[in-house]
Structures are given as C-alpha cells and as structure tokens.
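Asks: One structure coming up, written as structure tokens, with questions to follow.
The values are calculated or read from the model by the stated rules, or taken from the named source; none is laboratory data. Since the model is a prediction, treat every value here as computed from it, not as a measurement. In this analysis, Cβ positions are derived from the backbone assuming ideal geometry, glycine residues included, and neighbour counts consider all displayed protein chains.
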Amino acid sequence: MTGRESAAVDRVLSWVRDSALPLWHLKGWDHRNGGFIERFDADGAPERDAPRRMRVQARQVYVYAHAALLGWYEPAAVLALDGFSWLIERCWARDGRPGFVHLVEADGTLADGRRDAYDQAFGLLALAWAYRLRPDAQVRALIGAELDYLDAAFADPVHGGWFESDPPALPRRQNPQMHAFEAMLALHEATGEAMFLDRARRFLDLLERRLYDPATGAVHEYFDASFRLLPGVEGRIAEPGHHFEWTWLLHAYARLCGEAVRPLAGPIYDWAERHGLDAGSFVMDEVRDDGAPHAASIRLWPHTEYVKANVVRHEAGVCPRAAGNVEAMWARFLPRFTAVEPRGGWVDRFDAEGRLTDARRLASSFYHVFGAAAETARVLRPV
C-alpha cells in the first residue's frame, strides 16, 4: 500500500461529506415540486423536468437517512424524511393498488404504474432506513402493507424468490432477488425483528440453489420462469459488480446472524476478481461464464461494490490484501469518475477503450457511492 492509496480513503470520505452530500441536497432536491431530481446533464446542470424513477427517490432516502445517522451532514435527517414523505405520497398505491409505482413526472403526477420487483425492493430499503431514522408506527404499518402485497403478488411458492413484476414477466433476473435480500437485512437492522432474517434466508436459498452455478463459479443474470438459465449467450452473462455485491451481502448476513460466512462468499468473489477486472484493474460490466468479456465497458457502480466486498473481507480476516484493494480502488476511482464540476458529482460510463460515453451525473449512483464510503469508514476509519 502506498501513501497515495492510503490518502485516497481520506479524500473520498471528505469528498462525500463535504461535496457530494451538499450538492445532491442543494441542487439535487427540487425546491419547487419536492422530491429528488433524476440527474444532472453532461454539463452539470440539474435536469429538473425529467421524469423520476421511484427507485431513485428510495435510494436518495437511504443516502440521507444513513448520512444523518452517521452525523455526516447536518441537514440530512430533515431531507431524508422530506424525501420519504414525497416518495410515499407520490409513489405508493397511486392508482388505488398497493405497491410502489415505477415512474412519476417531475410534478409528481403518475407516469408509469407498473409494479416492478426491483422497485419494490428499493421501496422496502427506503422504509427500513426511514424507520431506523425515526421509528414510527405509521412507517411500520407501511412496511407491513408492502410485505402483504409482495407475499400476495410477487412471492413464487413453487420456484422461490419474487416474480419479476405484477403481473409476472420474463426473463427473471437475479438482480431483484439480490436487492430483496438486501432489503430484508436492512429491515432486520431497523426493527430488530427476527422474521426479516427468516425472509432473507429464502433469497439466500435461491442463490445457493439456482442463481449460483457451481459448474462455472458464476452468478448468472437471466433465467426462465423456473429459474433455469436462458438458452444462448443471454443465459451465460454474469456481472462482476453483482458478484462483489453478493460478497458484501453474504458477509453482512453472517454478521447479523452471528454465523460463519457462507462458503459461497469466497468463490463468488474469486470468480469476479479473476475474470471481471480489465488491464487497468477497472471492473468490466459483463463477462460470460467462461470468463470471456461480454461488455468490456466500465460503469461507476461496480467499483463501489468492489470496495464494499473488500472492506468486509478485510473485516473478516479472510484476505490479507483486502484493505490495500480498497485503498487502491479509491485511488483509481476518484480521478476516473469524479473529476467533474460541480464538485460532488460524477460521470457514469466509459467504453472498453477508456472513452467517456455517458457524462451525465446520475442520482441513482449515490446509493452505491455512499454505501461504499460508509462501509469504508465503518471498518477502516472507525470513530
């Protein structure tokens, strides 16, 4: 580990606290209509009139609720609760049906009422962090109402996991199942109720039975109605970023349960590190299950999941170089993704040759960036 890499941890934590949190509050909150904006354009100007995905609102609630609980940003608690109120008023049961809708206009009018599993998972995450910030009987009742809806409309009693949507659609993806697992862990941490760990175990069972392929060592992305791999190339796609994300979640589950880390955590991480990094040690978007690149472009978010995976591997003492991996990744991440104006923003995507292909500042990325910074601080810079 070099001094430059070690200093990168302190730089990224300072950047999140002093630049990113104020930016996405002062310019990323819609002071006219309420709610969080979806993105800044490539020149760094807020796109205030762009439609808003429910999942982005939920992610920003998480960011500012977590920031408030860490004491990282003084206005964070009020902002998180304002954002949560906007989320519930504009996105929950807007059309008389339970569940979170997919998309609303900037003024809050309904734009797309579909019920998507990925959205529901982030709705639960926002509910968990709002409850953790301010334990409230009404919020707990909303958690119960959302779970009742999911049990009735999304839970698959035959093959496990959640259906892709209500009504069900294909293909089935591993991604909503992973975030449902994450949401159940967050709900357990928020409420202390053991039943959320029981629910989490159902998604863990799905990972071990269906999503993870012991023949290749990969966690696949796309499945048919029975969680069998799709034929052809689509059924062979794996995302290294999701492998790193699963690694972090499996360690979090073990920590909350007081159990040993699941045996899959090591192979899942190892597969992604072996096949998912390019020559510059950036994380590629998609790889086939034989290790061949499928989409060698790089996006921001997988690098934050690499950080989180290495933080918990260091914490668990399973990898002597994990702390160095964290520091080295932050040293690569900062100049590649965050050297933009206004300070506190980021760009999203580069192609395989390193050319910038998406310079927009996407609000959805803050969930990943903040989560990685918070985990880094928790383990490597504890107060």
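Asks: Scan 237, 298 and give me the residue that is within 26 Å of residue 345 (Cα to Cα) and either surrounded by fewer than 20 Cβ atoms within 10 Å (Cβ to Cβ) or at pLDDT 95 or above (or both).
Replies: Criteria check complete, one pass: 298.
Asks: Among the residues in segment 6-17, are any surrounded by fewer than 20 Cβ atoms within 10 Å (Cβ to Cβ), among the aliphatic types (A, V, I, L, M) and more than 21 Å from residue 345 (Cβ to Cβ)?
Replies: yes
Asks: Continuing with this model, one more query. Is it the case that residue 261 is at pLDDT 95 or above, more than 20 Å from the chain's Cα centre (by Cα), surrounded by fewer than 23 Cβ atoms within 10 Å (Cβ to Cβ) and of a type in the set (A, V, I, L, M)?
Replies: In short, no.
Asks: So the check is Cβ under 7 Å with 6+ separation or different chains; which pairs have a first residue in segment 199-215 that's over 17 Å from residue 154 (Cα atoms) and a second one that's of a type in the set (A, V, I, L, M) and part of a strand (DSSP E or B)?
Replies: That search, which allows pairs on different chains as well, returns 211/219; 212/219.
Asks: When the residues of segment 287-302 are narrowed to those that are touching a residue at least 60 places away in the same chain (Cβ under 8 Å) and out of contact with any Gly (no Cβ under 7 Å at 6 or more places or on another chain), which ends up nearest to residue 372 (Cα to Cα)?
Replies: Filtering segment 287-302 for residues that are touching a residue at least 60 places away in the same chain (Cβ under 8 Å) and out of contact with any Gly (no Cβ under 7 Å at 6 or more places or on another chain), the one nearest to residue 372 (Cα to Cα) comes out as 300.
Asks: Residue 172: surrounded by 13 or more Cβ atoms within 10 Å (Cβ to Cβ) and either at positive phi or of a type in the set (D, E, K, R) (or both), yes or no?
Replies: So residue 172 fits the description; yes.
Asks: Next question, about the same structure. For segment 54-74, check the following and say yes or no: at least one residue is farther than 30 Å from residue 171 by Cβ, part of a helix (DSSP H, G or I) and of a type in the set (Phe, Trp, Tyr).
Replies: Scanning segment 54-74 turns up at least one residue that is farther than 30 Å from residue 171 by Cβ, part of a helix (DSSP H, G or I) and of a type in the set (Phe, Trp, Tyr).
Asks: I'd like to know if segment 318-327 contains one or more residues that are farther than 21 Å from residue 55 by Cα, surrounded by fewer than 23 Cβ atoms within 10 Å (Cβ to Cβ), aliphatic (A, V, I, L, M) and free of Cβ contacts under 8 Å to residues at least 40 places away in the same chain.
Replies: There is at least one residue in segment 318-327 that is farther than 21 Å from residue 55 by Cα, surrounded by fewer than 23 Cβ atoms within 10 Å (Cβ to Cβ), aliphatic (A, V, I, L, M) and free of Cβ contacts under 8 Å to residues at least 40 places away in the same chain.
Asks: Of the residues that make up segment 118-139, is at least one in a loop (DSSP other than H, G, I, E, B), surrounded by 20 or more Cβ atoms within 10 Å (Cβ to Cβ) and in contact with an Asp or Glu (Cβ under 7 Å, 6 or more places away or on another chain)?
Replies: no
Asks: Right, next: Taking residue 106 and the conditions (1) in a loop (DSSP other than H, G, I, E, B); (2) exposed (fewer than 15 other Cβ atoms within 10 Å of the Cβ), which numbered condition does it fall short on, given that it satisfies the others?
Replies: (2)
Asks: Just wondering, is there one or more residues in segment 78-89 that are farther than 26 Å from residue 183 by Cβ, in a helix (DSSP H, G or I) and either modelled with pLDDT under 95 or of a type in the set (A, V, I, L, M, F, W, C) (or both)?
Replies: No, that holds for no residue.
Asks: So which residues in segment 161-182 are touching a Lys or Arg at 6+ places or on another chain (Cβ under 8 Å) and outside any strand (DSSP E or B)?
Replies: Residues satisfying the conditions are 161, 163, 164.
Asks: Does at least one position in segment 38-50 carry a residue that is surrounded by fewer than 19 Cβ atoms within 10 Å (Cβ to Cβ), within 30 Å of residue 338 (Cα to Cα) and of a type in the set (Lys, Arg)?
Replies: Checking segment 38-50: at least one residue is surrounded by fewer than 19 Cβ atoms within 10 Å (Cβ to Cβ), within 30 Å of residue 338 (Cα to Cα) and of a type in the set (Lys, Arg).
Asks: In segment 192-232, which residue that is among the hydroxyl-bearing types (Ser, Thr, Tyr) and either in contact with a Pro (Cβ under 7 Å, 6 or more places away or on another chain) or part of a loop (DSSP other than H, G, I, E, B) (or both) is surrounded by the fewest Cβ atoms within 10 Å (Cβ to Cβ)?
Replies: Checked segment 192-232; the qualifying residue surrounded by the fewest Cβ atoms within 10 Å (Cβ to Cβ) is 226.
Asks: I've got another one for you. Limited to segment 18-32, what total is found for residues that are buried (at least 16 other Cβ atoms within 10 Å of the Cβ) and in a loop (DSSP other than H, G, I, E, B)?
Replies: The qualifying residues number 3.
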